[in-house]
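Report on one structure; see the data block that follows.
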Amino acid sequence: MKRFRQFFFVFFVFLLVLKSLNIQVFAEPVIYAPAFVLMESDSGRILYAQNEHQRMFPAATTMILTAILAYEHLDMDRIYIAGNEVSSLPFDSARNHHEIGEAILGINLLRGMLIGAGNDTANIVALNVSRVVSGEFDMSFVQAQQYFAELMNERATELGAQNSRFINPHGYHHQNHTTTAYDMAQIARHAMSIPTIAEIAALPAFSGAMAGTNLRENLPEAINAQNPSLVNRSWRSPNDLLHAGANFFAGANGLRTGRTNLAGDVLVASAMRANINLIVVTMNSPFINDEPTRWRDAHNLFNHGFDNFAHRTLIADIAHIGIQNPRLGEDEYLEVFLYEPEFTQFLSHIEADSITAQVSWLDDVTVQYEDEWLVVPSIEEGQELGRVDYILDGEVLNSTTIHAARDVQERSTASDINYYTDWVISTFFSRSAVPYWIAAISVGALLTIAYFLLRNKIREKKKHQKYKFRK
């Protein structure tokens, strides 16, 4: 009988810890947007998409990236003074109507872009970030806008956006200001990983003093000397997923909408349920019967993700591998273990059932003999022997390494001699052999006594026969 018949095919046993045992093929959701993405935020894995790499206009969703740069380079607790940049917008541009000389907290710049209309707020951010990063604090807004666009494109690339080109900080239409649904999902994914931005993005509304106070005595002396405008604002998020009503989605926690005549309706949305965070991007969603479809698209995509996918834990159980020419008396199998015996992935049940494990062994420690793999001694405990790749549709989802659970030494003449020596000693001179020695001695003694008794009896008989008289 072979030591490890059909080793490769029975090498792994997978146990799927499933959230549900309801096994059925799910239907694809109806989506009206020509380009969209459904992404799982933690891993960045695309769950469902169409035309996700097609260049399109992002409109005001651009301000998600602007908010990231604001958070990274501005002091959220510092007061910034609005300048002429708030007027450097086309007449039909959406705006929060900031006044020249208005005092605004850094944190309220984020709120103005993510909750309010925001284009003039984005200009304030572009100017101040450009001055901080460049160190040129007398930089004009015209210079700052170009400089900030370069910062945007550099940061977008770092975040995984490979097909985007940003021209301005707010998304007012420009023929060269384009991105993709996939790129916006990557940018949104990072934005939602920043607690300050995530908290603001989830707010359905905000009201408050832009400088954090409307009392001049509470302002820093240097700010008060500039005689700033102290203004209250009241903003309502245009994200209907956050508001009670027909478009409300339970679990929605962000992020930003956008619209221009050429961009159409754009939505970058986020939702969380049971510690699962999904991101939806829809671009150029049409109107049907004078009703926007982006909210319906978002509902359908989110429901598709939450209903059909779950965090599923895959456990690979591997026990041992055969040993080539093992030492006499030693186990012919080597126990092994996986560095990471299990991993968790956000998968549908169909995907979980389709995952395969591909084993690859290191050439210098293993050989293949017929249909089994053998490890070649000598091997040290913990030594890496190979790896396992978990594959779905040709994509490696996760990998782990295989290691030896004990030492394995080479067989030699000396090891054979030691084996037989140990066998003799353990067989004849061990404590467990004492009862056998006692039994053997007892039997020997009885046989000896019986021998002498029998011999004496025979001699006595012969003696009597020697002195017998004849008649």
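The values are calculated or read from the model by the stated rules, or taken from the named source; none is laboratory data. Note that this is a predicted model, so its numbers are computed, not measured. Neighbour counts run over all protein chains shown; Cβ positions are idealised from the backbone, glycine included.
Before moving on, here are some points about what is shown:
- Test: residue in segment 425-440 that is surrounded by 13 or more Cβ atoms within 10 Å (Cβ to Cβ) and touching a Leu at 6+ places or on another chain (Cβ under 9 Å): no
- Complete set of residues in segment 209-228 that are outside any loop (DSSP other than H, G, I, E, B) and buried (at least 16 other Cβ atoms within 10 Å of the Cβ): 209, 223
- Filtered residues of segment 333-347 (kept if under 24 Å from residue 410 (Cα atoms) and of a type in the set (Asp, Glu)): 335
- Residues in segment 169-194 that are surrounded by 23 or more Cβ atoms within 10 Å (Cβ to Cβ) and closer than 24 Å to residue 83 by Cβ: 3 in all.
- Tally, over segment 129-140, of residues that are outside any helix (DSSP H, G or I) and under 15 Å from residue 80 (Cβ atoms): 2
- When the criteria are applied in full, residue 149 meets the requirement of being in the same structural domain as residue 162 (by TED's automatic domain parsing), within 25 Å of residue 180 (Cα to Cα) and either surrounded by fewer than 24 Cβ atoms within 10 Å (Cβ to Cβ) or of a type outside the set (Ser, Thr, Tyr) (or both).
- Boolean, residue 130 is without any contact (Cβ under 8 Å) to a residue 40 or more places away in the chain, crowded, with 21+ Cβ neighbours inside 10 Å and not aliphatic (A, V, I, L, M): yes
- Only listed residue being surrounded by fewer than 20 Cβ atoms within 10 Å (Cβ to Cβ), over 30 Å from residue 418 (Cα atoms) and more than 30 Å from the chain's Cα centre (by Cα), chosen from 289, 303, 325: 289
- Matching residues, segment 306-321, being buried (at least 17 other Cβ atoms within 10 Å of the Cβ) and touching a Ser or Thr at 6+ places or on another chain (Cβ under 6 Å): 308, 309
- One residue stands out in segment 38-79 among those that are among the small types (Gly, Ala, Ser) and part of a loop (DSSP other than H, G, I, E, B): the one that is nearest to residue 153 (Cα to Cα), namely 44.
- Flag if residue 448 is free of Cβ contacts under 8 Å to residues at least 12 places away in the same chain, in contact with a helix residue (DSSP H, G or I) (Cβ under 8 Å, 6 or more places away or on another chain) and of a type in the set (Ser, Thr, Tyr): no
- Restricting attention to segment 305-321, the residues being of a type in the set (Ser, Thr, Tyr) and in a loop (DSSP other than H, G, I, E, B) number 0.
- Lone qualifier among 122, 117, 126 - being of a type in the set (A, V, I, L, M), outside any helix (DSSP H, G or I), within 17 Å of residue 85 (Cβ to Cβ) and assigned by TED's automatic domain parsing to the domain that holds residue 229: 117
- Note on segment 21-37: among residues that are modelled with pLDDT of 90 or more, in a loop (DSSP other than H, G, I, E, B) and not hydroxyl-bearing (Ser, Thr, Tyr), the one that is nearest to residue 312 (Cα to Cα) is 29.
- Hey, residue 305 in contact with a Lys or Arg (Cβ under 7 Å, 6 or more places away or on another chain) and more than 13 Å from residue 240 (Cβ to Cβ) or not: no
- Among the residues making up segment 49-68, those that are surrounded by fewer than 20 Cβ atoms within 10 Å (Cβ to Cβ) and either among the aliphatic types (A, V, I, L, M) or in contact with a Pro (Cβ under 9 Å, 6 or more places away or on another chain) (or both) are 49, 50, 51, 54.
- Checked against (1) under 38 Å from the mean Cα position of the chain (by Cα); (2) over 23 Å from residue 94 (Cβ atoms), residue 228 meets all criteria but (1).
- Looking across segment 248-286 at every residue that is exposed (fewer than 15 other Cβ atoms within 10 Å of the Cβ) and among the small types (Gly, Ala, Ser), the one that is farthest from residue 171 (Cα to Cα) is identified as 274.
- Restricting segment 393-428 to residues that are part of a strand (DSSP E or B) and not hydrophobic (A, V, I, L, M, F, W, C), the residue that is nearest to the chain's Cα centre (by Cα) is 398.
- Residues that are among the polar types (S, T, N, Q) and under 32 Å from the mean Cα position of the chain (by Cα) within segment 352-392 comprise 354, 356, 358, 360, 366, 383, listed in sequence order.
- Put simply, of 85, 52, 99 the only residue that is in contact with a helix residue (DSSP H, G or I) (Cβ under 9 Å, 6 or more places away or on another chain) and under 18 Å from residue 208 (Cβ atoms) is 99.
- Filtering segment 322-346 to residues that are outside any strand (DSSP E or B) and over 30 Å from residue 40 (Cα atoms) leaves 324, 325, 326, 327, 328, 329, 330, 331, 332.
- Tally, over segment 365-392, of residues that are part of a loop (DSSP other than H, G, I, E, B) and modelled with pLDDT of 90 or more: 8
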